[in-house]
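The values are calculated or read from the model by the stated rules, or taken from the named source; none is laboratory data. Here the structure is a predicted model, which means the values were calculated and not measured. Counting neighbours? That spans all protein chains shown, and the Cβs are built from the backbone with ideal geometry, glycine included. In case anyone asks, the SASA skips ligands and DNA or RNA and just uses the protein heavy atoms, side chains included. Shrake-Rupley method; radii C 1.70, N 1.55, O 1.52, S 1.80 Å.
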Amino acid sequence: MSSTGIDRITFLARLGARPVGIAGGHREDQSKGVDLVSMWTAPEVRRTGTGRLLVREVIDWAAQTGASSVGLW
């Protein structure tokens with residue numbers, strides 16, 4: 001996980017030491033809404049729930065930082 005205050009965050013999924021997924025959230029100009037700006041999973045972990053978990057982490061982070069909504073960028 002990487003973050004900068006409440007403005008942006010990136011979550012990384014790993015299988016062992018190898019990255020297999022990523023999702024990011026971004027808040028523009030102190031707004032109350034957060035955009036899901038990226039989400040990717042490696043082919044071998046697709047349909048395993050990895051993407052859903054990554055998106056859920058962005059949504060949870062948004063709620064914890066006071067966002068009133070999460071949308072797609």
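Values computed for the structure shown
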{"read-out": "Subset of segment 41-73 [of a type in the set (Asp, Glu) and closer than 18 Å to residue 5 by Cβ]", "value": "57, 60"}
{"read-out": "Within segment 50-73, tally of residues that are touching a strand residue (DSSP E or B) at 6+ places or on another chain (Cβ under 6 Å) and open to solvent by 50 Å² or more (accessible area, probe 1.4 Å)", "value": "6"}
{"read-out": "Condition met for residue 67 (part of a helix (DSSP H, G or I) and either at pLDDT below 95 or touching a Gly at 6+ places or on another chain (Cβ under 6 Å) (or both))", "value": "no"}
{"read-out": "Extreme residue, modelled with the highest pLDDT, among residues of segment 11-49 that are surrounded by fewer than 18 Cβ atoms within 10 Å (Cβ to Cβ) and of a type in the set (S, T, N, Q)", "value": "48"}
